[in-house]
Amino acid sequence: MFGLLRKWRRERVLKGAAIPDALWHEACATLPFLDLYDAGEIDRLRALVVLFLDAKAIVGARGHEVTPLQRVIIAIQACVLILELDLAWYDDFENVIVYPDEFVPGWEYEDEAGVVHRQEGPLAGEAMPHGPVALSWPDVAASGDWDTAGMNLVIHEFAHKLDMRGGDANGCPPLPPGLSLRTWTTRLDAAYAHFRARVQLGRHTHIDPYAAESPAEFFAVLAEVFFADPLCFRREYRGLYELYVQFFRQDPAARVAARAGSERAPPARG
Ligand SMILES: [Zn+2]
């Protein structure tokens, strides 16, 4: 019964809130990593984006006015993470807050020793446990094209949201059946320790050194690399890459490699 009701609601939203073609194509054109996907997947992504935008409010703060294009660009990147999962992963929040620039959040937290910490410096983005995602629009706009930015703010923050569904952000989201916590933490911890050592030695890394901050940041930065530069992730930490494939139920590196191979192949004689 609930299944039918949900299906009916979904159909109704998809019919009533469709995204105009011109707006959709304009948003996709700012996100070159979408080249990974075939036409059928892009159609599914578009339906997911419609449902996401129906369920969430994307609101401006401090005078920022969110345009329809900005809403779609943010929603597409949030939905890429759950293209093969389920919108229910984002059930624990309703709002995405968009700032006109970097922002200083007002929160404080108390650590285990009872010391109260305050976030001092400005942030480009923040994901709050069971709460909203906050984004600085100029940083979203600058990070859609991986080749120029080497980062993707929206994927990063929504990866934290997935992680937080398992409790505190610690690099371990709830795992699908067949993927054990032990396997996940063993590979993530090993890759994290290796990466951190490289950063501490001052070595150049293709992966953003910010990933060495904590296992949670490592997970989120690698989620960006997984979608936007998957061959790099697979080359650097293949064992962990394979677990991301199981988790996200996508294999972007195989896609990119297959496409590169077919581009190199000699033209068929006919
Ligand atoms: Zn982060």
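Residues of segment 14-62 that are within 21 Å of Ala141 (Cα to Cα) and of a type in the set (D, E, K, R): Asp21, Glu26, Asp35, Arg46, Lys56, Arg62. Summed over segment 39-72, residues that are in a loop (DSSP other than H, G, I, E, B) and more than 11 Å from Asn95 (Cα to Cα) total 7.
Can you find a residue that is assigned to a helix (DSSP H, G or I), in the same structural domain as Ala127 (by TED's automatic domain parsing) and closer than 22 Å to Leu153 by Cα anywhere in segment 5-24? Within segment 5-24, one or more residues are assigned to a helix (DSSP H, G or I), in the same structural domain as Ala127 (by TED's automatic domain parsing) and closer than 22 Å to Leu153 by Cα. Checked against the criterion of being surrounded by 16 or more Cβ atoms within 10 Å (Cβ to Cβ) and more than 30 Å from Ala75 (Cβ to Cβ), the candidates Arg203, Arg196 yield just one match: Arg196.
If you filter segment 134-160 down to residues that are within 20 Å of Tyr192 (Cβ to Cβ) and more than 9 Å from the chain's Cα centre (by Cα), you find that the one that is nearest to the ligand (Cβ to nearest atom) is Met151.
Taking the criterion of being crowded, with 22+ Cβ neighbours inside 10 Å and either assigned by TED's automatic domain parsing to the domain that holds Asp229 or more than 25 Å from His206 (Cβ to Cβ) (or both), the only residue of segment 130-156 that qualifies is Val133. If I filter segment 176-191 for residues that are of a type outside the set (Gly, Ala, Ser), more than 16 Å from the ligand (Cβ to nearest atom), surrounded by fewer than 15 Cβ atoms within 10 Å (Cβ to Cβ) and within 25 Å of Ser143 (Cβ to Cβ), do I get at least one hit? Within segment 176-191 (the criterion being of a type outside the set (Gly, Ala, Ser), more than 16 Å from the ligand (Cβ to nearest atom), surrounded by fewer than 15 Cβ atoms within 10 Å (Cβ to Cβ) and within 25 Å of Ser143 (Cβ to Cβ)), the answer is no, since none of the residues qualifies.
How many residues, within segment 202-252, are within 16 Å of the ligand (Cβ to nearest atom) and among the polar types (S, T, N, Q)? Residues in segment 202-252 being within 16 Å of the ligand (Cβ to nearest atom) and among the polar types (S, T, N, Q): 1 in total.
Residues of segment 165-175 that are away from the ligand (no atom under 16 Å from the Cβ) and within 12 Å of Phe247 (Cβ to Cβ): Pro174, Leu175.
Taking first residues from segment 3-14 that are within 17 Å of Leu53 (Cα to Cα) and partners that are modelled with pLDDT of 75 or more, the Cβ contacts under 7 Å between residues at least 6 apart in sequence or on separate chains come to Arg10/Leu51; Val13/Val50; Val13/Leu51; Val13/Asp54; Leu14/Ala47; Leu14/Val50.
The values are calculated or read from the model by the stated rules, or taken from the named source; none is laboratory data. Being a predicted model, the structure only gives us computed values, none of them experimental. We place every Cβ from the backbone using ideal geometry, glycine too, and count neighbours over all the protein chains shown.
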